[in-house]
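Just so it is clear, none of the values below were taken in a lab; they were calculated from the coordinates. From a predicted model like this one, the values you see are computed outputs, not experimental measurements. Cβ coordinates were reconstructed from backbone atoms using ideal geometry, including for glycine residues, and neighbour counts include every protein chain displayed.
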Ligand SMILES: O=C(O)CCC(=O)C(=O)O
């Protein structure tokens, strides 16, 4: 899963599907947001240095071959083959661009609900990766028994029309629009560089020609960069619900920035660990596509989001994806070079998304297991 359906995607579904909107209009009560015991988060959230996702220094990883580089590579290899999560410091996404997107997100999410719902309509029928429609959502997917306590604005950052529509909605005047667009461009550029560099290194660890593969399946993906601004408002009963249920992302890689409030939890060896916020780091996770492409060598990171009683939490998630014509399958180059049998059957990503989406929002995440041979 990457992005829950918006009200617009669900046609005539109406605001009842928009959980937080329905709650603020008195159509849903707190009771409606209570999740089954097995999906709830234990409080207080504990940060532990011994149980944490590894921190990778990107400059050392990409730098000269020496002990430090080998050490980073070792950390990375271990992370991607176990919990599928790590944090990257010394990354190429400018702090000023993150600050600008974050401050616009805060301003936007604090505006009246009606204005935010209008934005969902303003985006028309444009699609981003896997037919996900950019725009605003504060909702739970149709028929989902889990009511989600969060809102998000998805921007198709490589689509000029979409970026202009968002900038118009978020900014007061042309000068501000220019600053916002510039920040989004710098963010997207840094994100693409980070994600491509990481994919290159990871494909090389599989003994593959990374450039050849990225050129064949990924480069030039104009629909590729989806930037999702997320807001989890304070919740009176964080121990009875959560912001997002446990899930993996469909993409190749997700890159996430979270503010200092914290709440991202990652499943490591069957236990949930809370990722200690570091505003100077980007959290990266392997997505389902990479798990399938690597024939199960890399693990898609299972995660969820805990809520906070007193404070809002903001995050920015970006998803790195192959081109639209890509077929989800173990890489033929890998199977040929290793003589392995494919561990997953093939499917186009849009179909895969349809197949896994509903279970995820029923709290019964399956992820790539639906494709296992
Ligand atoms: O907000 C977060 O920390 C995670 C967001 C996420 O998991 C998602 O958008 O799929």
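Give the Debye-formula value of log10 I(q)/I(0) at each listed q (0.14, 0.15, 0.17, 0.24 Å⁻¹), with one equal scatterer per alpha carbon of the range 156-251, two decimals each. Each listed q maps to, in turn, -0.77, -0.83, -0.93, -1.19.
Stretched out straight at 0.36 nm per residue, the stretch from residue 219 to residue 110 would grow longer than its current Cα-Cα span by 35.6 nm.
From the P(r) of the range 230-320, could you give the percentage of C-alpha pairs in the tail past 19 Å? For the range 230-320, the fraction of Cα-Cα distances above 19 Å is 40 percent. Relative contact order of the range 37-108, please, whole-number percent, based on alpha carbon pairs below 8 angstrom and at least 6 residues apart. That works out to 32 percent.
Of all DSSP beta bridges confined to the chain, the antiparallel ones make up roughly 95%.
Reducing the range 290-310 and the range 177-215 to their Cα centroids gives an inter-centroid distance of 19 Å. Label sites at residue 369 and residue 78, each approximated as a point 7 angstrom past Cα along Cα to Cβ, lie 2.7 nm apart.
Quick one: in the range 74-123, what % of C-alpha pairs are over 13 Å apart? Can you show the working numbers first?
Details: 889 of 1225 pairs.
For the range 74-123, the fraction of Cα-Cα distances above 13 Å is 73 percent.
Let me see the P(r) profile for the chain: every Cα-Cα distance counted, bins of 10 Å, each bin given as a percent of all pairs. Taking every Cα pair in the chain, the percentages come to 5, 25, 35, 26, 8, 1, 0.
Set the Förster radius R0 to 51 Å, insert the Cβ-Cβ distance between residue 193 and residue 38 as r into 1/(1 + (r/R0)^6), and round the FRET efficiency to 0.05.
In this case the efficiency is close to 0.80.
Tell me the angle of helix 67-81 to the major Cα principal axis of the chain, expressed in degrees between 0 and 90 and rounded to the nearest ten. Rounded to the nearest ten degrees, it is 60. Over the chain, what is the relative contact order in percent, taking alpha-carbon pairs closer than 8 angstrom and at least six residues apart? After rounding, I find 22 percent. For the chain, adding -39500 (n - 2.57) for each run of n ≥ 4 DSSP H residues and dividing by the number of residues yields -10500 deg cm²/dmol at 222 nm.
How much length would be gained if the chain were fully extended between residue 336 and residue 212, taking 0.36 nm per residue of separation minus their Cα-Cα distance, in nm to one decimal?
43.1 nm
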